[in-house]
Amino acid sequence: MKKKLLPFFVVIIFGIVFIVFYKGLEDTNIYTPDLNVQKDIPIFTSKDFYSGKVLKSSDIFEFNKTYLLNIWSSWCVPCRQEHPLLMTLKQNDKIDIIGLNYKDNKKNAVIFLQDLGNPYEKIFIDLDGTQAIEWGAYGVPESFLINNNKIIKKYIGPLNEDLISEIEYLIK
Amino acid sequence: MKILKVFLVIFFLFSQSSINADDQDEINKITKNLRCLVCQGQSVYDSDSEFAISLKTLVKQKLNEGLSEYQIYNYLKIKYGEWILYDPELNKNTFVLWLLPILIFLIGGAIIFKNFFLKNK
């Protein structure tokens, strides 16, 4: 009886191991962040880029409105590339673009906006990068589509024409 | 009296620095268990990327706010998902990972026990 049980168990264990590894093969081993997130926006206090006044998240984001939060910096090269696209998106009156100036020097950031234009309705600052973590961001540039104070979609990396048309389609 | 003053100042300085060292130990312990999501195979502790530097600052802030190690992990798990932790928790996706080694160990032990001890009898 005992001798019969042992092979049985061995087969079962190998079966389990096989199934686990086989299922593991289907999973991608490249880390993919969750992009279609339906999360509430974080509650935070920050400072206004121009005036330096304290800004609360409730002062920036209103319910029933659609926003694109764009994390940018003057030292970030891909931000320069996506900037003209943000300027085009600014023409669309269904969406307000909010800027989060990430680990930047104010003087350089002001020059950046003077040179390339300012697409942002409001800008708040993040000197040490902790604000960006509140948003669950990885770096610059990154954009969050927000509606009714919820993050609908996250765009990691620079926006391109396809993504801009996707945003325009989503906010229609 | 002067000696006493000097002694007090030195004592004060040393006690301050030991508090800071404790804080730093706690930060190091937490950041060693956080995966730097923008790096390859590095913990937040090891990395000097912008992301890791910000996370270190954040962990320090949260500790100062009085959050425990576990609360900080939970906070970051909500923001970035389970992947940010090096030490995965026991849940429905990871139970095989945790239980399989124990199971194999027990079965292996049982086989050894059976072959060596029961056969000799």
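Rule-based calculations on the coordinates, nothing more; no lab input. Keep in mind that this is a model prediction, so the values were computed, not measured. Virtual Cβ from ideal backbone geometry, glycine too; neighbours counted across all protein chains shown.
In the structure shown, the pairs B:62/B:92; A:153/B:60; A:94/A:153 are assessed against 19 Å; a Cα-Cα span above that value is assigned to B:62/B:92; A:153/B:60. Looking at segment A:39-170 alone, DSSP beta bridges between its own residues are antiparallel in about 65 percent of cases. 3J(HN,Hα) along segment A:7-17: x, 4, 5, 4, 4, 4, 5, 4, x, 4, 4 Hz, from the Karplus curve 6.51 cos²θ - 1.76 cosθ + 1.60 with θ = phi - 60°, whole Hz, x for Gly and Pro. Which of rounded, prolate or oblate describes segment A:68-150 when judged by the alpha-carbon gyration tensor and an a/c cut-off of 1.5? Oblate shape, in that a/c is at least 1.5 and b/c is the bigger or equal ratio. From the alpha carbon centroid of segment A:143-172 to that of segment A:71-123 is 15 Å. Only helical runs count toward this figure. For chain B, summing -39,500 (n - 2.57) over DSSP H runs of n ≥ 4 and dividing by all residues gives -22000 deg cm²/dmol at 222 nm. For chain B, the relative contact order is 17 percent, taking Cα pairs closer than 8 Å that sit 6 or more residues apart in sequence and dividing their mean separation by the residue count. Note on A:22, A:120, A:102: ascending count of other Cβ atoms within 10 Å places them as A:22, A:120, A:102, the fewest first. Positive-end ranking of A:22, A:68, A:169 along the dipole of the protein assembly as shown, with charges on Cβ about the Cα centre, is headed by A:22. The amide H of residue A:66, built 1.01 Å from its N in the peptide plane, has A:96 as neighbours under 5 Å, considering only residues 5 or more places off or on other chains.
The charge dipole of chain A, taken about its Cα centre with unit charges on the Cβ of Lys, Arg, Asp and Glu (plus for the first two, minus for the last two), comes to roughly 820 debye. The gain in end-to-end length when the residue B:3 to residue B:42 segment is fully stretched comes to 9.1 nm, 0.36 nm per residue minus the alpha carbon separation. Dividing the helix sum by the residues of chain A, where each DSSP H run of 4 or more adds -39500 (n - 2.57), gives a mean residue ellipticity at 222 nm of -12500 deg cm²/dmol.
Expressed in Å, the radius of gyration and Dmax of the Cα atoms of the protein assembly as shown are 26.5, 90. The DSSP beta bridges internal to the protein assembly as shown are antiparallel in roughly 65% of cases.
As a proxy for reagent exposure, A:87, B:1 were ordered by neighbouring Cβ count within 10 angstrom, fewest first; the result is B:1, A:87. Based on the alpha-carbon gyration tensor of segment A:12-113 and its eigenvalue square roots a ≥ b ≥ c, which shape applies: rounded if a/c is under 1.5, prolate if not and a/b is larger than b/c, or oblate? Judged from the Cα gyration tensor, segment A:12-113 comes out prolate (a/c at least 1.5, a/b above b/c).
Each of B:46, A:128, A:104 was scored by other Cβ atoms within 10 Å of its Cβ. Arranged with the fewest first, they read B:46, A:128, A:104. Short-range pairs are left out: with C-alpha atoms under 8 Å and at least six residues apart, the relative contact order of segment A:46-115 is 35 percent. The eigenvalues of the Cα gyration tensor, multiplied by 5 and square-rooted, give chain A an equivalent ellipsoid with semi-axes of 45, 17, 16 Å from largest to smallest. Taking residue B:56 as the anchor, which lysines have their alpha carbon closer than 22 Å to its alpha carbon, excluding any fewer than eight residues away along the same chain? Cross-link targets: A:47, A:103, B:29, B:32, B:77, B:79. Pairwise inverse Cα distances across segment B:2-89, averaged and inverted, put the Kirkwood hydrodynamic radius at 14.4 Å. For residue B:119, the lysines whose Cα falls under 28 Å of its own Cα, not counting residues fewer than eight places away in the same chain, are A:2, A:3, A:4. Positive end of the dipole of chain B (Cβ unit charges, origin at the Cα centre): among B:112, B:80, B:94, the Cα lying farthest that way belongs to B:112. Shape class of segment A:110-172 from the Cα gyration tensor (axes a ≥ b ≥ c, square roots of the eigenvalues): oblate, since a/c reaches 1.5 or more and a/b does not exceed b/c. Computed about its Cα centre, the charge dipole of the protein assembly as shown is approximately 1500 debye, with only Lys, Arg, Asp and Glu carrying charge at their Cβ. Stretching the chain fully between residue B:112 and residue B:10 yields a gain of 30.6 nm (0.36 nm per residue, less the alpha carbon separation).
You can think of it this way: the chain between residue A:65 and residue A:108 has 12.4 nm of extra reach, that is 0.36 nm per residue less the Cα-Cα gap.
Using only side-chain charges placed at the Cβ, +1 for Lys and Arg and -1 for Asp and Glu, the dipole size of chain B relative to its Cα centre rounds to 520 debye.
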